[in-house]
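Heads up, the thing below is written out as structure tokens.
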Amino acid sequence: MGSRFPSHKLNSGLYVSGRPEQPKEKSPVMSSTAAPYTGGDIRMSGELGKMFEVPFDNSRSRKSGPITSAPSRTGSFGVSGSTSVNNGSLGRHKSQSGPLNKHGESVKKSSGPQSGAVPVSRQNSGPLPPVLPTTGLITSGPISSGPLNSSGTLRKGSGPLDATGAAKLQRTCVANNQAVTKIFEEDNHPFKKGFPKAVLWSVILLFVMGFISGGFILGAVHNAILLVVVVVIFAFMAAILIWNRCWGRRAIIGFIARYPDAELRTAKDGQFVKVSGVVTCGNVPLESSFQKVPRCIYTSTSLYEYRGWDSKAANSTHRRFTWGLRSVESHVVDFYISDFQSGLRALVKTGYGATVIPYVDESVIVDVDTSNKDLSAEFLCWLRERNLSSDGRMMRLKEGYIKEGSTVSVMGVVRRNDSVLMIVPPPEPLSTGCQWTRCIQPGSIKGIVVRCEETSNINVVPV
């Protein structure tokens, strides 16, 4: 007998009212695997390492394993999980969570290699380069200077760079850097422009006329007074020129030492001042050429050669039985100076091609004489880097530098630009005046004067 109310029978045999409940499809449960701690190593990162073909280090990985109690996915005909257990073919295989393919089989996915599993070949949508590209990821591993190869190690360059090539590359970078000022030797003579050329040639002409007149009078009336006077005056003038040539540098250093120091706090814009203090490097520090002293604001390395009677000349103006300059490397950059009196710090603009006159004492580093001509390996390497030959010459290498932290005196013009205090080269040359007591003629200083009294106590290397 039928009833108006629908009913259905449960598995236990009990009849209940209502329609049978439709089985609901359960959401798939994914297997979880604990992510290992990589420590910044690409080889410990699992799938990330496999993407870039980096071998995975399984010895240090730790995983929690798949969840075996996850129920199997319900089929498309509404059959429950308990019914699927009776099937022999399905019961012998563990069900994996995840999507199904078109044949109703689960697609295997793994977040890393699992023990006991059959290795599955990786399929990519396209070939990937074996080199790990730069991603900007900040890791805890070491910082490498180049890309990694397929084994995870640092890729080597095209070949090792020897010391000679590295030194040539460094010298090329310094020479091509606009922030570095190269100082020429002819710019360091303040007495070259002491006398105008017109006055100098006029004096020479007067001496020539005096010699001619004295010789004519001596031959005509046998009176040598005029000729003796001309000779004495000429000898005196020649001695003055030689004296100024030999002691001119010391006279300029004495003038710098006697010039009073100014205080940067009260210095006006455009005022010529002398400031003494401790220097610090700017954006581009220098390194000495031979001794490789780092963080310098000024470096100078000079190679001198002695010319005998039959030896070669070091330069076009090299005279016999004298030392001549064969090679010189002198550079200076912008630096900061802290005034001793006020404590203010100013930027000294000596870089970018500025006119600079340095007065830094150089020390003899290498001295090659006739008794011992065996050159050291460092000196031979230094000559080879500059394509200079030794060929048994008497040579002397001098080097001077101003290292960061040295006490320096600077002479220049003050410039105030908002909150920036600078010392720039003066627009007009500075005259040292005539020093009568020392028989020194007036000298002309054009540019920023940099004077360092500290000298490095370095022993001479006899080679």
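The values are calculated or read from the model by the stated rules, or taken from the named source; none is laboratory data. These numbers come from a predicted model, not from an experiment. Here the Cβ is made from the backbone with ideal geometry for all residues, glycine too, and neighbour counts use every protein chain on show. Quick note on the areas: whole protein, heavy atoms, side chains included, nothing else; ligands and nucleic acids left out. Shrake-Rupley method; radii C 1.70, N 1.55, O 1.52, S 1.80 Å.
Of THR437, THR266, THR350, which has the most accessible area and how do the rest follow, probe 1.4 Å? All intermediate terms of the calculation are to be shown ahead of the outcome.
Numbers: THR437 125, THR266 95, THR350 0 Å².
The residues order as THR437, THR266, THR350, largest area first.
For the stretch 328-368, just say rounded, prolate or oblate: build the C-alpha gyration tensor, square-root its eigenvalues into a ≥ b ≥ c, call rounded for a/c under 1.5, and beyond that prolate if a/b exceeds b/c, oblate if not.
In terms of gyration-tensor shape, oblate.
List residues of the stretch 309-350, by number, whose backbone nitrogen lies under 16 Å from a label position 7 Å along Cα→C-beta of GLU453.
Answer for the stretch 309-350: 340-341.
In whole Å, what three semi-axes, largest first, describe the equivalent ellipsoid of the stretch 209-291 built from its Cα gyration tensor (square root of 5 times each eigenvalue)?
That gives 54, 19, 10 Å for the three semi-axes.
Kindly provide the pair-distance distribution of the stretch 278-392 built from C-alpha pairs, with 5 Å bins from 0 and whole-percent values in order of increasing distance.
The calculated distribution, bin by bin, is 2, 9, 16, 18, 16, 13, 9, 7, 5, 3, 1, 0.
Starting from the coordinates of the alpha-carbon atoms of the stretch 352-424, obtain the Kirkwood hydrodynamic radius over all distinct pairs and give the value in Å to one decimal.
16.3
Please report the Cα spread of the stretch 309-463 along all three principal axes, rounded to whole Å, starting with the longest.
Per principal axis, max minus min of the Cα coordinates gives 58, 38, 28 Å.
Extension gain ALA238-CYS381, at 0.36 nm per residue separation less the Cα-Cα distance, in nm?
47.1 nm
Could you work out how far apart the two model spin labels at GLU185 and SER7 are, taking each label as a point 7 Å from the Cα in the direction of the beta carbon, and quote it in nm?
Inter-label distance under the simple model: 12.4 nm.
Of the peptides 198-211, 397-410, how do they stack up when ordered by the mean number of other Cβ atoms within 10 Å, highest first?
Values: 198-211: 12.2, 397-410: 20.1.
Per-residue mean Cβ counts within 10 Å order the peptides as 397-410, 198-211.
Rounded if a/c is under 1.5, else prolate if a/b beats b/c, else oblate: with a ≥ b ≥ c from the C-alpha gyration tensor eigenvalues square-rooted, which is the stretch 255-300?
prolate
Using the Cα atoms as the points, what is the convex hull volume per residue of the stretch 171-327 in Å³?
On the way: hull volume 34.5 nm³, N = 157.
In the stretch 171-327, the Cα hull volume divided by residue count equals 220 Å³.
Give me the distance between the Cα centres of the stretch 202-238 and the stretch 298-317, rounded to whole Å.
Taking the Cα centre of each part, the stretch 202-238 and the stretch 298-317 sit 38 Å apart.
Can you list the trypsin sites (Lys or Arg not before Pro) in the stretch 231-331 that are in a DSSP coil and have 16 or fewer other beta carbons within 10 angstrom?
Listed in order of number, the matching sites are ARG265, LYS268, LYS292, ARG295, LYS312, ARG319, ARG320.
Under a plain spin-label model, where a point goes 7 Å from the Cα along Cα-to-Cβ, how far apart in nm are PHE207 and ASP310?
About 3.5 nm, to one decimal.
Using a 7 Å offset from the Cα along the Cα-to-Cβ direction at both ILE217 and LYS446, what is the distance between the two label points in nm, to one decimal?
That separation, rounded to one decimal, is 4.1 nm.
Which Rg and Dmax, in Å, describe the Cα atoms of the stretch 202-253?
For the stretch 202-253, the Cα-based Rg and Dmax read 14.9, 51 Å.
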